2 protein chains.
Amino acid sequence: MVERRKPIWVKDAIEKVMEWKRLGSIEWVSINECDNRFLGEPLISDHDVPHFDRSPYDGFAIRSEDTLHATSENPVCFEVIDEIGAGQVSPLKVGPFQAIRIMTGAALPQGADSVIMLELVRENLKDNKKTIMIKRKVKTGENVSCKGEDVKKGDHLIQKGSIITPGVKALLATFGYSRVPVIKKPVIGVIATGSELLNVDEPLEHGKIRNSNGYMIESQIIRAGAEVKKYENRADEIESLYTAIETALSECDFIITTGGVSVGDYDYLPEIYKRLGANILFNKIAMRPGSVTTVANIGDKLLFGLSGNPSACYVGFELYVRPIIRYWLHSDTPYLTKAKATLQTDFPKPNPFNRFVRSQIKFVNDRLIVDPVGLDKSNVVSSIAWANCLMVLPGGTRGYKAGDLVDVLLFEDQTGSDEPWTEARKSSKL
Amino acid sequence: MVERRKPIWVKDAIEKVMEWKRLGSIEWVSINECDNRFLGEPLISDHDVPHFDRSPYDGFAIRSEDTLHATSENPVCFEVIDEIGAGQVSPLKVGPFQAIRIMTGAALPQGADSVIMLELVRENLKDNKKTIMIKRKVKTGENVSCKGEDVKKGDHLIQKGSIITPGVKALLATFGYSRVPVIKKPVIGVIATGSELLNVDEPLEHGKIRNSNGYMIESQIIRAGAEVKKYENRADEIESLYTAIETALSECDFIITTGGVSVGDYDYLPEIYKRLGANILFNKIAMRPGSVTTVANIGDKLLFGLSGNPSACYVGFELYVRPIIRYWLHSDTPYLTKAKATLQTDFPKPNPFNRFVRSQIKFVNDRLIVDPVGLDKSNVVSSIAWANCLMVLPGGTRGYKAGDLVDVLLFEDQTGSDEPWTEARKSSKL
């Protein structure tokens, strides 16, 4: 007798998974190793930037009040008493009608309150004494980058759980983080199952295919920000699969299996969950592809049983595993970035269930447009390679037409969403 | 006397740089190491996918013609002669009114042309003989994933120079690439210059700042897909700087320096270019920030002299260095992804020159909206950390208003553009 499984909504499935979310702890890494890691502490400035008034140009530091009556007709003469490059500090104080030659980035010397650009003065050298003539009024603070104008001490600059981009790294360097607090990556074990699986370096055989899900999932794990622990592919053989999962449970924070979760005679995952004493959160979801996606927990560890079909496996990862990883990394937007896009071609198939179609978005001017790519079947692999998003067509809807506005979930955008895509449940069936 | 430099257009600057573009060569890496690398060969399928007709469901493989007269009233009986799991191949041929139990993913046995799902048959066991009753007509090819339906042998699947995403990796695994041809990364030397620079682990001093440009650029290099070769910061001291650049020239494909390219008394890069016999492509661009960006070549090696100001440095990298890296990686879209977005707030400053404003785009429904972030000054670092795009305001325009449509260049989007942003040159001044 075929087991009849009760499907649940996508929203409920995500919620059940997220009940087991956990926050990762902090580790410190060299600033040279922090790219694309997730910040383990908020970045709060411990000093003003700049931390001294400085000159943004090459010129002369002066007292603005001395230029009050300077005009083309009545230029005012200043004595040049020193010269400072960036990084140098003058021991002298600028007095009345005195100037100090200053380079871009150098600290404004004492006494001065403004800088006149090099191009605007005439320099003279007489009797080894350097002077400049100024022909216009200079305002107080003119050409000065003021202490704290970029960042003020105590500013909350970057929040914990942010991804470290080149710009964030520049700030980390500015604030002296030679070592950077980042969230320790969760370790995700990957076990591909199926007696049909060949290793990537094996020649094809009739009835067998090369394992692509394992590599794909590992790559999705890396993109989500976690660490992969790779296990050997397993044939549909209950004892060796059980042992592999037991080992992975002791070595990983989460485990992903691909294949073996359906109701076929060689689908051993349900039996293994039972033996392990795992609690099944769900084993059927009202979605296509990926309806057989199963998630179970043992203690605080989640076992993600993804479909053996590549497209279904891919979608299952992005909807259910990715948010668990991103939450662990302290992201407050752990779900795929959501947007809307205009469909470019008809999609006539009706959608009895929520359908997640591998698609490609493009920017046309300020608009997002979307097109399905490849064949919309759960066992297809090519469509995944061409897609950069999922187009979501809610269950209970008929076909869609070119020009319709549809929901899209973006794979590569790092912004994320604070809420997952969730169905309206109006007319869809479970 | 201050040197008067002749600025050139952004478009011309990019063209002059791209005259020196070079294509990288191929290296082979393990499939486990290929994430985010650029594919060194087009991926052309060497076999159909699937490479055999297979069952997408659990069910029974039969000859459809035998169901021609099957109805609820007159169910047809089939003898079950074998059972095959995924990866197994039956030695038997399905004859008239025979069926073979078949699991998801298994090859369709000889003789059969269709599969009926498990849920639709009634199984019987009598005298150790298994039979099934079928109550409906099954069409030829029903529930069969046909050989080649996903990919046909000889299909051009992924072009050379594509970035390896999880989906591309799945295809690579499918086609047996245990080792993957990727483009060897160009090696980019980074030398931050300036006597005001402290190392990241040094305490602040009056008049000095920590080197942030070096770390930022390294991170931009990694994001663009190249390899960093890090050199020590250099004070504004001509001999040591000259030696550092000479060393870097012998060890790197391209060199980036930050700082020292302006016309100040301690800006030694122009003198060093002269000593090295470098050919200066340009040393002033009609843009803000980054007008001092200088590029020179020695033989086929480019020396990128970026500004010492963080925002100017960042923008200079993305506009001029990134396309050289992406072209090297065989991308046919080496420039930043271009789009348009609706400005959310007034930007009243007039734009005598092309202005590249650090900004943040967001998706609102199917529209891109953009907001400038932080202070729009070339020496500011915080705005870079908050930005995910550049808003481009062409020179010769007055201020912009909320609701205006503006050009944006996206930092994190990997799609890229086949053409750079280029100015219209109508009313902008050089």
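The values are calculated or read from the model by the stated rules, or taken from the named source; none is laboratory data. Note that the structure is a prediction, hence the values are computed from the model and not measured. Please note: Cβ atoms are built from the backbone with ideal geometry, for glycine as well, and neighbour counts cover all protein chains shown.
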For the stretch B:206-233, give me each residue that is within 8 Å of chain A (Cβ to nearest Cβ) and hydrophobic (A, V, I, L, M, F, W, C). B:209, B:216, B:217, B:222
Within the stretch A:295-314, does at least one residue satisfy the condition of being surrounded by fewer than 21 Cβ atoms within 10 Å (Cβ to Cβ), within 14 Å of chain B (Cβ to nearest Cβ), touching a strand residue (DSSP E or B) at 6+ places or on another chain (Cβ under 8 Å) and not in a strand (DSSP E or B)? no
Is it fair to say residue B:25 is in contact with a strand residue (DSSP E or B) (Cβ under 8 Å, 6 or more places away or on another chain), small (Gly, Ala, Ser), away from every other protein chain (no Cβ under 14 Å) and surrounded by fewer than 21 Cβ atoms within 10 Å (Cβ to Cβ)? yes
Given the conditions (1) under 21 Å from residue B:414 (Cβ atoms); (2) surrounded by 22 or more Cβ atoms within 10 Å (Cβ to Cβ); (3) more than 8 Å from chain A (Cβ to nearest Cβ); (4) not small (Gly, Ala, Ser), which single one is not true for residue B:332? (2)
Where the second residue is of a type in the set (Ser, Thr, Tyr) and in a loop (DSSP other than H, G, I, E, B) and the first is within 14 Å of chain B (Cβ to nearest Cβ) and lies in the stretch A:336-356, which pairs have Cβ atoms under 8 Å and are six or more apart or on separate chains? A:337/A:415
Can you pull out the residues in the stretch A:234-278 that are more than 14 Å from every other protein chain (Cβ to nearest Cβ) and polar (S, T, N, Q)? A:240, A:243, A:247, A:250, A:257
The conditions are (1) more than 9 Å from every other protein chain (Cβ to nearest Cβ); (2) under 22 Å from the mean Cα position of the chain (by Cα); (3) modelled with pLDDT under 95, and residue A:395 fails exactly one of them. Which is it? (2)
I'm checking my understanding of the structure. Among residues of the stretch A:230-262 that are crowded, with 20+ Cβ neighbours inside 10 Å and charged (D, E, K, R), which one is nearest to residue A:39 (Cα to Cα)? A:253
Give me the residue from the stretch B:1-15 that is surrounded by fewer than 16 Cβ atoms within 10 Å (Cβ to Cβ) and touching a residue at least 40 places away in the same chain (Cβ under 8 Å) and, out of that set, nearest to residue B:112 (Cα to Cα). B:6
Any residue in the stretch A:189-205 that is more than 7 Å from chain B (Cβ to nearest Cβ) sitting within a Cβ distance under 8 Å of a residue that is among the acidic types (Asp, Glu) and not in a strand (DSSP E or B)? List the pairs, counting only those 6 or more apart or interchain. A:189/A:251; A:190/A:218; A:191/A:232; A:193/A:236; A:198/A:205
Against the conditions (1) in a helix (DSSP H, G or I); (2) farther than 26 Å from residue B:9 by Cα, where does residue B:266 fall short? Just the number, please. (1)
Yes or no: the stretch A:160-179 includes at least one residue that is more than 30 Å from residue B:56 (Cβ to Cβ), surrounded by fewer than 18 Cβ atoms within 10 Å (Cβ to Cβ) and either of a type in the set (Gly, Ala, Ser) or within 7 Å of chain B (Cβ to nearest Cβ) (or both). yes
Determine whether the stretch A:367-375 contains at least one residue that is at pLDDT below 95 and either more than 8 Å from every other protein chain (Cβ to nearest Cβ) or in a loop (DSSP other than H, G, I, E, B) (or both). yes
Those residues that are outside any strand (DSSP E or B) and either within 7 Å of another protein chain (Cβ to nearest Cβ) or closer than 20 Å to residue B:225 by Cα (or both), I need them from the stretch B:398-414; list them, please. B:411, B:412, B:413, B:414
Residue A:214: crowded, with 18+ Cβ neighbours inside 10 Å, part of a strand (DSSP E or B) and touching a residue at least 12 places away in the same chain (Cβ under 8 Å), yes or no? no
Looking across the stretch B:283-294 at residues that are in contact with a Lys or Arg (Cβ under 6 Å, 6 or more places away or on another chain) and either assigned to a helix (DSSP H, G or I) or away from chain A (no Cβ under 13 Å) (or both), the single one that is surrounded by the fewest Cβ atoms within 10 Å (Cβ to Cβ) is B:284
Given the conditions (1) farther than 22 Å from residue B:57 by Cα; (2) at pLDDT below 95; (3) touching an Asp or Glu at 6+ places or on another chain (Cβ under 8 Å), report the number of the one that residue B:126 does not fulfil. (3)
Given the structure, is residue B:47 surrounded by fewer than 23 Cβ atoms within 10 Å (Cβ to Cβ), under 43 Å from the mean Cα position of the chain (by Cα) and not charged (D, E, K, R)? yes
Residues being of a type outside the set (A, V, I, L, M) and at the interface with chain B (Cβ under 7 Å from one of its Cβ atoms) - total across the stretch A:376-385: 2
Is it true that residue A:419 is facing chain B (nearest Cβ under 7 Å), under 22 Å from the mean Cα position of the chain (by Cα) and more than 22 Å from residue A:309 (Cβ to Cβ)? no
Mind listing whichever residues of the stretch A:199-211 are touching a helix residue (DSSP H, G or I) at 6+ places or on another chain (Cβ under 8 Å) and part of a loop (DSSP other than H, G, I, E, B)? A:200, A:211
In the stretch B:398-420, what count of residues is obtained for those that are modelled with pLDDT under 95, farther than 21 Å from residue A:415 by Cβ and surrounded by 17 or more Cβ atoms within 10 Å (Cβ to Cβ)? 0
Which of the residues spanning the stretch A:100-113 are over 13 Å from residue A:58 (Cβ atoms) and out of contact with any His (no Cβ under 9 Å at 6 or more places or on another chain)? A:108, A:109, A:110, A:111, A:112, A:113
Kindly establish whether residue A:374 is small (Gly, Ala, Ser), surrounded by fewer than 23 Cβ atoms within 10 Å (Cβ to Cβ) and within 27 Å of residue B:155 (Cα to Cα). yes
How many residues does the stretch B:82-107 hold that are farther than 30 Å from residue A:311 by Cα and surrounded by fewer than 19 Cβ atoms within 10 Å (Cβ to Cβ)? 6
For the stretch B:116-129, check the following and say yes or no: at least one residue is under 30 Å from residue A:388 (Cα atoms) and buried (at least 24 other Cβ atoms within 10 Å of the Cβ). no
